[in-house]
Amino acid sequence: MKVLVTGGAGYIGSVMVPMLLEGDFDVVVLDRFFFGKETLKDVEGHPRLTLVKDDIRWFDPSLMRGIDAVIDLAALSNDPSGEIDPQKTLEINNRGRVRIAKLAKKYGAEKYVFASTCSVYGFQDGIVNENSPVNPLTTYAKSAVLAEQDIMPLGDDKFSVTFLRQATVYGLSPRMRFDLVINAMVLYLWKEGKLKIMRDGTQWRPFVYVKDTSRAFIKVLEADHDLVNKQIFNVGSNEQNYQIFPLAQMLAEALGMELQYEWYGDPDKRSYRVDFSKIKEVLRFKPKYTPKDAAKEIYQALEEGKIRDDIKTRTVQWYKYLLEAHRIIKEVELDGKIL
Ligand SMILES: NC(=O)c1ccc[n+]([C@@H]2O[C@H](COP(=O)([O-])OP(=O)(O)OC[C@H]3O[C@@H](n4cnc5c(N)ncnc54)[C@H](O)[C@@H]3O)[C@@H](O)[C@H]2O)c1
């Protein structure tokens, strides 16, 4: 099976692409490489891997020829990045994805899998499942909801569309993200030996390990059409809904440290818990890893200097930096000067 992975050089993609190659898939990565291409350096040159540097909004559709399935990861990938330029966020995260899905169908692919997010639920009392009303609070979450709604009707008996609403992801990746809660906590435990925790620490959040969520996408590729067509799945597990303070304690304990912390902010009333029973029952999906595993792995990688706390690991800061650099270059070009 030949799979197009948009955004395949990103945090999740750079973990998932090697897994797809191990699983005997042919893989085409379509990515702007905003975080560099070196995130795929361990697999670059693989005979079943093609890397294409282009934008989901305007790439040449002939790239879709011969593609059997699409895993659609490309996006401005969190709430703050989505607010830098809401118009562009809608262009990429909504219309860009709809374009991908329509082209996939037009060129005869059989499957389309959308990397959605549990943040479509916003904050709600109680436990939300796939049938709960959505409550998107940011441009990022709104564009995911709109894309889901626009893409859902494309599913038919030859073309399946599936929406994976992922919990907040954690764990080591070649494109490391320290703007994700668990990864950030481990970084600060390593760097400063203590954490700043938002009051009052009882707020709930769902999490999933990066290799586990990658496996969920692969499970959809391997599943029968009727099991996944026009289906939404929350990706995570009921056991991995955590309250923030006990989570911090658990991470410190995994690292053999006593938790040192200070509180900040007003009590955070924004809490949400997600029910992950559907993916367990329908796709037999069960995460294999826990935040404790990730804590040790990330800590060790920091110790060994394999990952660093640099600006590229903070998604919003990096996008702001790229935009500013682009603006300066344009200005210099307009002045007829060369940098
Ligand atoms: N990481 C999480 O916790 C999480 C949780 C829920 C959902 N998601 C979703 O999963 C997907 C992947 O997330 P991630 O953490 O790997 O993000 P990421 O930012 O690390 O990766 C996104 C990739 O998409 C590429 N990209 C962005 N805009 C593009 C465009 N217009 N054309 C081509 N390529 C483009 C970037 O270069 C990058 O490599 C995103 O859709 C994100 O919203 C992530």
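The values are calculated or read from the model by the stated rules, or taken from the named source; none is laboratory data. Given the structure is predicted, the values throughout are model-derived calculations rather than measurements. Backbone-built Cβ (ideal geometry, glycine too); neighbour counts: all protein chains shown.
Tabulated values for the structure
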quantity: Pairs where the first residue, in segment 58-84, is closer than 19 Å to ILE151 by Cβ and away from the ligand (no atom under 13 Å from the Cβ) and the second is part of a loop (DSSP other than H, G, I, E, B) and of a type in the set (Asp, Glu), C-beta under 8 Å, 6+ apart; calculated: ASP68/GLU110; ALA69/GLU110
quantity: The one condition in (1) more than 16 Å from the ligand (Cβ to nearest atom); (2) part of a helix (DSSP H, G or I); (3) farther than 30 Å from GLU281 by Cβ that GLU239 fails to fulfil; calculated: (3)
quantity: Unique match (being surrounded by 19 or more Cβ atoms within 10 Å (Cβ to Cβ), more than 7 Å from the ligand (Cβ to nearest atom) and more than 18 Å from VAL113 (Cα to Cα)) among LEU49, LEU20; calculated: LEU49
quantity: Residue identified as in a helix (DSSP H, G or I) and not hydrophobic (A, V, I, L, M, F, W, C) among THR39, THR50; calculated: THR39
quantity: Residue, nearest to the ligand (Cβ to nearest atom), within segment 116-158, restricted to residues that are part of a helix (DSSP H, G or I) and over 29 Å from THR315 (Cα atoms); calculated: LEU154
quantity: Meets criteria (surrounded by 22 or more Cβ atoms within 10 Å (Cβ to Cβ), at pLDDT 95 or above and β-branched (Val, Ile, Thr)) for VAL181; calculated: no
quantity: Residue check, SER132 among the hydroxyl-bearing types (Ser, Thr, Tyr) and in contact (Cβ under 8 Å) with a residue 24 or more places away in the chain; calculated: no
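For (1) surrounded by fewer than 24 Cβ atoms within 10 Å (Cβ to Cβ); (2) modelled with pLDDT of 95 or more, each residue gets a yes or a no:
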site: LEU63; (1), (2): yes, yes
site: GLY66; (1), (2): yes, yes
site: VAL70; (1), (2): no, yes
site: LEU73; (1), (2): no, yes
site: ARG97; (1), (2): no, yes
site: ALA104; (1), (2): no, yes
site: VAL113; (1), (2): no, yes
site: GLY122; (1), (2): yes, no
